[in-house]
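What follows is a set of notes on a single structure, which appears directly below.
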Amino acid sequence: MSGIGPARQRTEGSSPGGQSPEGSKLGRLKPSGGFFTEGLLPEGATGTRAHPVFRMFVRLVRRPLLPAMRLWRRNLQLRVVAATLLMSLGVVLLLGIVVNGQVRNGLLEAKEQTAQSQAAGGFAFAQQAADKSNTRGSGFSEIEGAVGSSTAQSAGTWMNNLVEQLASGGQGVYSVVVLSSESDETPMLGNADARLKGARASGDILPEESIPDDLRSDMDTQDGTHQRYAKLHRQSGGTEPALIVGKRVSDLNGNPYQLYYVFPFSQEEETLVLVKGTLVTAGVFVVVLLGAIAWLVVRQVVTPVRMAAGISERLAAGRLQERMKVTGEDDIARLGESFNKMAQKLQIKIQQLEGLSRMQRRFVSDVSHELRTPLTTVRMAADVIHAGREDFDPVTARSAELLLGQLDRFESLLNDLLEISRFDAGAAALEADPTDLRDVVRRVVDGCEPLAECKGSRVVIQGDEEPVMAEVDGRRIERVLRNLVDNAIEHGEGHDVVIRLASGGGAVAVAVRDYGVGLKPGEVKRVFNRFWRADPARARTTGGTGLGLSIAIEDARLHGGWLQAWGEPGGGSQFRLTLPSTGGEVLRGSPIALEPADSRRRRGVDGAIPTQTRVPAAAGAAKAGQGSADPMAGTGTAGTTGMSREERGDES
């Protein structure tokens, strides 16, 4: 590190107060420290980084989704069609649920009415058949014999015939089940009586498994017709829902038994499946149709908007003759007509402004050139007067000195105006050669030494241990840096001015840091405007023209580089010049952070830097720049390769 000022010196790596860099808070941020192996935290970071495996997983998940997300954000037609499809799908689903529920309830109600009517007829027929058989019971017994088992066999046969007769009219629609009643107190007479009281059923159903126990109990304890929804069990092992309607009746001997009608829901289920299929097909068709309609409708609106956007981009590119195609008389047509009128007026205004700008540039250039001849004459006369000022009285001698000083300022202003006119006319030429920026910085520092001594400031150079090479125009870069250093000393309030050099990632950078009045919010964007001054009432020592930073940023752009500013009120400012190492390359970042490490915000995060009354910059610079043995650590040392996300943007 080298410096000039009241006490020119070179510091080698010590920090104020004898504290070692490794023991300081900033020293722990070096690459070998305990925070991160990459060096300093990224700009704006306040916590630890996520695990590399987690970051890799997030990147792998997000990578295939990025094109779709980009298309979703940029395509209005896609968003409208997608929203229409989602809403249509929701409406169709809701409508399908409602219709399916209504159809299901209607089928159940119709099934229940049909089952009750069919069962009532069957119960009446069974009771009539038992009554008729009971009137003929005595004669029938004389013919068959007087044996009790013969009566039981006759009742069993009668029951079988009754089941066949009741089930004959409902093949596939219902089944008939006969079960014994628990209230039957007839004496059991061997196997014949077991056949009488055994379960009987039509079809392939399992009677005892299909009839619920609670329904059988209700039938024995309560009179009347009972019904229940239950599972129908087939002999093949399958089950299906069914409606069971039952009633307790008497046989030909007057003994009670349970008669059931079992109505399966196979037909109703087929009907529901058909209805669901129809609803799904119609729903898909309606959703697709609504999506197509939405696409066509939105296309009629979006197409003119896209056309207007494309024409606006071409207008912004300088093709002022572009116009929208207008057809019809609707709202879109009126929008196109209004857009064309606006473009026409903009073209006229821009042409007028371009003419005025050309006249202004020509006027500035002509005046600047025309003033050179009389200025040369006045300069010669002023030099003669100034050389003989010792023979004049004190007032005249002082006037001669003031005259020479103002002529110097006027000549500087004239040169700046000529340079600005060259930039405006696009006539500025770049003469780039491989240059070590350390030599340029040292020449600038040597030239600013008188002003630094006058202000009581010290200029400190950091990062000059290794060459910082780039293909640049040395004259222009020296002019830029001289302007930045002069401004830093002028506004530094007598504090140190720190110059940092760094290279890496295909770029080189020079940052000039002062600890003076700083910049207020909003002044960073205006500081490069022509003739702009932060404080017009502030007296200047160097007699600047107000064009220095405007010329400096044009020189940076001519190199394909950036000139950016940062500042905070009362905390000083930093101007950073970033240039490509090889001419013609595109910058992707800067090896020096725009916001310095000793800013107030970063001190609040990383810990306070010790305050000194005279030169706080030296202490902060020593800790940040030399607190690490690796020159790639920090925010401005030579060889830095890391680039923060904020540095990847364009010029501020």
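The values are calculated or read from the model by the stated rules, or taken from the named source; none is laboratory data. All figures in this text were calculated on a predicted structure; none of them were measured in a lab. Using ideal geometry, Cβ is built from the backbone for each residue, glycine included, and neighbour counts are taken over all protein chains shown.
Looking at Gln128, Gln165, which is the one that is under 25 Å from His226 (Cα atoms), surrounded by 12 or more Cβ atoms within 10 Å (Cβ to Cβ) and at pLDDT 80 or above?
Within the list Gln128, Gln165, the selection yields Gln165.
For region 413-425, check the following and say yes or no: at least one residue is exposed (fewer than 12 other Cβ atoms within 10 Å of the Cβ) and not aromatic (Phe, Trp, Tyr).
no
In this structure, does Arg443 turn out to be out of contact with any strand residue (DSSP E or B) (no Cβ under 9 Å at 6 or more places or on another chain) and more than 24 Å from Val527 (Cα to Cα)?
So Arg443 passes the test.
Can you find even one residue in region 525-533 that is part of a loop (DSSP other than H, G, I, E, B), modelled with pLDDT under 85 and touching a Lys or Arg at 6+ places or on another chain (Cβ under 9 Å)?
Within region 525-533, one or more residues are part of a loop (DSSP other than H, G, I, E, B), modelled with pLDDT under 85 and touching a Lys or Arg at 6+ places or on another chain (Cβ under 9 Å).
Rundown of residues vs (1) in contact with a Cys (Cβ under 6 Å, 6 or more places away or on another chain); (2) surrounded by fewer than 18 Cβ atoms within 10 Å (Cβ to Cβ), yes/no style:
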residue	(1), (2)
Leu451	no, yes
Val459	no, no
Gly463	no, no
Glu466	no, yes
Ala470	no, no
Val485	yes, no
Gly492	no, no
His495	no, no
Val498	no, no
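Residue by residue, here is whether (1) part of a helix (DSSP H, G or I); (2) touching a helix residue (DSSP H, G or I) at 6+ places or on another chain (Cβ under 6 Å); (3) at pLDDT below 80 holds:
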| site | (1), (2), (3) |
| --- | --- |
| Arg358 | yes, no, yes |
| Arg361 | yes, yes, yes |
| Ser368 | yes, yes, yes |
| Leu375 | yes, no, yes |
| Ala381 | yes, no, no |
| Leu403 | yes, yes, no |
| Leu414 | yes, yes, yes |
| Ser421 | yes, yes, yes |
| Ala428 | no, yes, yes |
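With the structure loaded, tell me whether Ile293 is surrounded by 11 or more Cβ atoms within 10 Å (Cβ to Cβ) and modelled with pLDDT under 85 or whether it fails that test.
No, not satisfied.
For Ala333, state whether it is among the small types (Gly, Ala, Ser) and within 30 Å of Leu402 (Cα to Cα).
Answer is no for this residue.
Quickly run through region 113-128 and pick out the residues that are in contact (Cβ under 8 Å) with a residue 60 or more places away in the chain and farther than 13 Å from Gly246 by Cα.
Selection gives Thr114, Gln127.
Can you tell which of Leu89, Leu66 is within 27 Å of Thr281 (Cβ to Cβ), among the hydrophobic types (A, V, I, L, M, F, W, C) and out of contact with any Lys or Arg (no Cβ under 7 Å at 6 or more places or on another chain)?
After applying the criteria, what remains is Leu89.
So which residues in region 556-588 are touching a residue at least 40 places away in the same chain (Cβ under 8 Å), at positive phi and surrounded by fewer than 24 Cβ atoms within 10 Å (Cβ to Cβ), if there are any at all?
Within region 556-588, just Gly570 meets the criteria.
Based on this model, can you work out whether Leu315 counts as among the aliphatic types (A, V, I, L, M), touching a residue at least 24 places away in the same chain (Cβ under 8 Å), touching a helix residue (DSSP H, G or I) at 6+ places or on another chain (Cβ under 8 Å) and in a helix (DSSP H, G or I)?
Yes; evaluated as a whole, the condition is true for this residue.
In region 77-114, which residues are surrounded by 15 or more Cβ atoms within 10 Å (Cβ to Cβ) and out of contact with any helix residue (DSSP H, G or I) (no Cβ under 8 Å at 6 or more places or on another chain)?
Hit for region 77-114 is Glu112, nothing else.
Kindly provide the set of residues from region 236-272 that are assigned to a helix (DSSP H, G or I) and either among the charged types (D, E, K, R) or out of contact with any strand residue (DSSP E or B) (no Cβ under 7 Å at 6 or more places or on another chain) (or both), ordered by number.
Gln267, Glu268, Glu269, Glu270, Thr271, Leu272 - these are the residues of region 236-272 that are assigned to a helix (DSSP H, G or I) and either among the charged types (D, E, K, R) or out of contact with any strand residue (DSSP E or B) (no Cβ under 7 Å at 6 or more places or on another chain) (or both).
Which one of these does Arg438 not meet: (1) modelled with pLDDT of 90 or more; (2) in contact with a helix residue (DSSP H, G or I) (Cβ under 7 Å, 6 or more places away or on another chain)?
(2)
Determine whether region 62-84 contains at least one residue that is among the charged types (D, E, K, R), within 60 Å of the chain's Cα centre (by Cα), over 30 Å from Leu289 (Cα atoms) and modelled with pLDDT under 90.
yes
Could you say whether any residue in region 427-444 is basic (Lys, Arg), exposed (fewer than 15 other Cβ atoms within 10 Å of the Cβ) and under 25 Å from Leu481 (Cβ atoms)?
Yes: one or more hits.
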